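In what follows, a single structure is set out as structure tokens and then discussed.
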Amino acid sequence: MRIMTPILAVTALLCSQVTVAQTQGPMYQINVRGLPMNCTAYSGQPVAIFLNSQLNNIGMANYHNGAPVIMLNPRVASQYSNMVAQWWFAHECAHHALPPQLNNETSADCYAVQQLVQKGVIRRREQLIAFSRELWALPGSPMGHLPGPYRAQNIINCALS
């Protein structure tokens, strides 16, 4: 039993350090694959950004104590191209930046791709098509995410409008 107590103590200490190390923030600007990005809410309030490798998704927009926040999982983001990782940040930002009546998944997708076009990340049709193909495998969701092929087509339409 004497051996178990130190082992349990060390295990608890290591687990708590891992948890703390896996959440970084708040930040108000982040470099997403070479592109400095930040987010301002519709109200004009800066949006805090946190990195959390335990998040079960690439990212999410939420509120903490009434303040807008974006949570990103860099581990999941690393599975995507630079352009998709940048788009995903802009998508989560859109949930705070768009007026409440436009805050839905399809509008967030559109806002995000338009941000990439405005920032010069997407400059050619070929880039847009390659980017959209990467989204084809994404599933739809009950929260309003269109299934991949429909989502990709919607994003192309937004970028070209």
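Please give the helix 82-97 orientation as an angle from the longest Cα principal axis of the chain, in degrees from 0 to 90, rounded to the nearest 10.
Relative to the chain, helix 82-97 is tipped by roughly 90 degrees.
What percentages make up the Cα-Cα pair-distance distribution of the stretch 25-65 when the bins are 10 Å wide from 0?
All Cα pairs, binned at 10 Å, distribute as 24, 58, 18, 0 percent.
I'm spelling it out carefully: the read-out is volume of the Cα convex hull per residue in Å³, the candidates are (i) 298; (ii) 143; (iii) 110, and one was derived from this structure. Which label?
From the options (i) 298; (ii) 143; (iii) 110, the structure gives (ii).
Taking the Cβ of Val32 as the centre, find all other residues whose Cβ is under 15 Å away and add up their charges (Lys, Arg: +1; Asp, Glu: -1).
For residues surrounding Val32, the net value is +2.
Can you tell me the 0 to 90 degree angle between the C-alpha axis of helix 125-135 and the longest principal axis of the chain, rounded to 10?
Roughly 40 degrees between the two axes.
As a test, work out the antiparallel percent of DSSP beta bridges whose residues both lie in the stretch 22-160, rounded to the nearest 5. Kindly include the intermediate steps, with their values, before the conclusion.
Values: 13 of 17 bridges.
Counting only bridges with both partners in the stretch 22-160, antiparallel ones make up about 75 percent.
For the chain, take the longest principal axis of its alpha carbons; what is the angle in degrees between that and the long axis of helix 148-160, to the nearest 10 within 0 to 90?
Compared with the principal axis, the helix lies near 50 degrees.
Where a number appears in this text, it was derived from the coordinates with a stated rule and is not lab data. Since this is a predicted model, take the numbers as computed values, not measurements. Glycine also receives a Cβ, built like all others from the backbone with ideal geometry; neighbour counts cover every protein chain displayed.
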